[in-house]
Amino acid sequence: MTTSIKMCLFSGLVFLGAIAMASEASAQNTGGVFGPEVTEGHKSIQYRGAINPDNAIDQFGFAQRLHYQQAINGDFMWRIIGQTRKTESSDLDFDFLQAELFWELSDDEDKHKTGLRFDARLTDGDRAEQLGLNWINHFNFDNGWHARALVLTNVQIGDTAADGINVQTRGRVGKKLESGPILGVELYSNYGQTSNISRFSDQSHTIGPFIETPIAEKLSLFAGPLFGLTSASPDVEARLWLTRGF
């Protein structure tokens, strides 16, 4: 059995294991700890799915999204995202459509890479639209280790918009193995709106291991559960992504 097949099977077990351990429910996290790097000529499409089966009968049971991204040059890249979610009326209700622009501010040889991402999100129903600005950092270390630190902000627009700025942070530590896969841990924190910052226990903070591995030419897989650190966080979420480059 090849290493890529073994890693694919392991990733699937991680995903299924997270489903088996799920208990309480919350909205699914289809976000990632993305990097600032922009490679000239890059084109790819990505599918993401996230599930918490104990809440599968309502609107937050299952979310999935599709990305297409393409570099403009060595500094800028655009991406479009469409997401659906499971609701009481449909398994594939429209959730949001988002346009993103990445701007890498570092040079290719820098060990510390940094950049910005600008977001504009259109939602369904009477939910507010969003405009976002995110600061992205990636640090390369020796022996295949790396770390990422992100600060995400957005403001809501429309009649139902919340006051203030929503603030989130995300972090990752990972190591690339000689055989190709990357193993590591990710942390997601949502602090809420600046107009009404909640106490820690009422904020969403989740952490979990991940594996990212090539499984075929120009095809890679990401999988891993997230576990809640506070009472306001989901107990566990299962995530699975597939990326195809062109």
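Brief remarks on what is shown
- For the chain, accessible area per residue (1.4 Å probe, heavy atoms of protein chains only), Å²: 51
- In Å², nearest 10: area of Ile72 left accessible to a 1.4 Å probe: 100
- Pair-distance distribution of the chain: all C-alpha pairs, bin width 10 Å, starting at 0; shares per bin in whole percent are 7, 28, 41, 21, 4, 0.
- In terms of Cα atoms, the Rg and Dmax of the range 188-246 work out to 15.7, 48 Å.
- Rh by Kirkwood over Cα pairs, then Stokes-Einstein D for the range 136-246 at 0.890 mPa s and 25 °C, µm²/s: 154
- Considering helices alone, the calculated mean residue ellipticity of the chain at 222 nm is -2500 deg cm²/dmol, with DSSP H runs of length four and up weighted by -39500 (n - 2.57) and normalised per residue.
- Projecting label points 7 angstrom from Cα along Cα→Cβ for Phe94 and Leu116 puts them 3.0 nm apart.
- Charge dipole of the range 85-209 about the Cα centre (unit charges at C-beta), most positive-ward option of Gly192, Val155, Gly125: Gly192
- Those trypsin sites (Lys or Arg not before Pro) in the range 175-246 that DSSP places in a loop and that have at most 16 other beta carbons within 10 Å: Arg199, Lys218
- Label point distance in nm, Lys218-Lys175, each placed 7 Å from Cα along Cα→Cβ: 3.3
- For the range 99-153, the calculated P(r), taken from all Cα-Cα distances in 5 Å bins from zero up to the bin holding the longest distance, is 5, 17, 21, 18, 14, 10, 7, 5, 3, 1 percent.
The values are calculated or read from the model by the stated rules, or taken from the named source; none is laboratory data. These numbers were taken from a predicted model, which means no experiment stands behind them. Backbone-built Cβ (ideal geometry, glycine too); neighbour counts: all protein chains shown. Only protein heavy atoms, including side chains, enter the accessible area calculation; ligands, DNA and RNA are left aside. Shrake-Rupley method; radii C 1.70, N 1.55, O 1.52, S 1.80 Å.
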